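The structure under discussion appears below in the form of structure tokens.
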Amino acid sequence: MNATMGGYDPGLERPLEHLRSILIPSETLEAWAVQRRVFALTHRRLLLAATSGRLILLTRKLLGGFDVSDIRWQDLEEVTLRVGMLGADLLVRAGKPTDFASQGSQSSQRFEFAGLRKDQAQAVYRICQAQDQAWREKRRVRELEELRARAGGIQVTPGLGSYTPPAGSAQSEAVRRLQEAKQMLDGKLITDAEYEAIKAKIVSSS
């Protein structure tokens, strides 16, 4: 049990035991947050857990047992924390696929977990933020590698100016890849130095 999760709550023994039982080999429980009782007057309290591989929602059924849903970290798009007087709300936006019930647009889903204990919610939020940043960097590196692979071996004439080469020609392909590199630079997926290196590789041979 994470020592930063706050006071001991005997009512959580069974949910936490069930949570640990569904972890896959090598998956570790990093942080968890439970809904405060005052926010769960009409339903069973929710348990939200951040592991090394996903965000898990555990809901106790009315007649016993638990429902389990999860979001993979690679599908996480945005996470926001709101801290109030009585509790904290965690807002999550994720792309598909996900096991949570669908909300919002077809391309992404939004979820709000209200009334979590503050210190616990903050711990889960920190894990979400770290995973979000890590996967953004992984996607940036992968896109950069794909762009570099596409740029390899292209021969173009320097100083194209406003000339538009025939479609399907080597120069047309090079121009398209230069435009892709510029779009990645504008989208902050690559640095200025990386953009210049890619551009130099495309136009270096003639």
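State which residue is modelled with the highest pLDDT when the search covers only the stretch 1-14 and only residues that are among the hydrophobic types (A, V, I, L, M, F, W, C) and surrounded by 14 or more Cβ atoms within 10 Å (Cβ to Cβ). Lay out the reasoning, then the answer.
Keep residues of the stretch 1-14 that are among the hydrophobic types (A, V, I, L, M, F, W, C), which gives 1, 3, 5, 12.
Keeping just the survivors that are surrounded by 14 or more Cβ atoms within 10 Å (Cβ to Cβ) gives 5, 12.
Details: 5: 45, 12: 73.
Ranking the candidates gives 12 first.
Any residue in the stretch 48-63 that's on the phi < 0 side of the Ramachandran plot: show its pairings with residues that are at pLDDT below 90 and not in a strand (DSSP E or B) at Cβ separation under 6 Å, as long as the two are six or more apart or on different chains.
Within 6 Å, the pairs are 49/19; 58/15; 58/19; 60/44.
Give the residues of the stretch 175-206 that are without any contact (Cβ under 8 Å) to a residue 12 or more places away in the chain, surrounded by 11 or more Cβ atoms within 10 Å (Cβ to Cβ) and more than 18 Å from residue 142 (Cβ to Cβ), sorted by residue number.
176, 196, 204 - these are the residues of the stretch 175-206 that are without any contact (Cβ under 8 Å) to a residue 12 or more places away in the chain, surrounded by 11 or more Cβ atoms within 10 Å (Cβ to Cβ) and more than 18 Å from residue 142 (Cβ to Cβ).
With the structure loaded, tell me whether residue 142 is at pLDDT 90 or above and not hydrophobic (A, V, I, L, M, F, W, C) or whether it fails that test. I'd like the intermediate steps shown before the answer.
Numbers: at pLDDT 90 or above: no; not hydrophobic (A, V, I, L, M, F, W, C): yes.
It is false that residue 142 is at pLDDT 90 or above and not hydrophobic (A, V, I, L, M, F, W, C).
For residue 17, state whether it is in the same structural domain as residue 127 (by TED's automatic domain parsing), over 25 Å from the mean Cα position of the chain (by Cα) and at pLDDT 60 or above. Spell out the reasoning first.
On the way: in the same structural domain as residue 127 (by TED's automatic domain parsing): yes; over 25 Å from the mean Cα position of the chain (by Cα): yes; at pLDDT 60 or above: yes.
Judged against the criteria, residue 17 is a match.
Listed here are the residues, each with its yes/no results for (1) at pLDDT below 90; (2) buried (at least 16 other Cβ atoms within 10 Å of the Cβ).
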residue: 67; (1), (2): yes, no
residue: 82; (1), (2): no, no
residue: 89; (1), (2): no, yes
residue: 92; (1), (2): no, yes
residue: 123; (1), (2): no, yes
residue: 150; (1), (2): yes, yes
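The values are calculated or read from the model by the stated rules, or taken from the named source; none is laboratory data. The structure displayed is predicted, hence computed values, not measured ones. Neighbour counts are summed over all protein chains in view; Cβ atoms, including those assigned to glycine, are modelled from backbone coordinates with ideal geometry.
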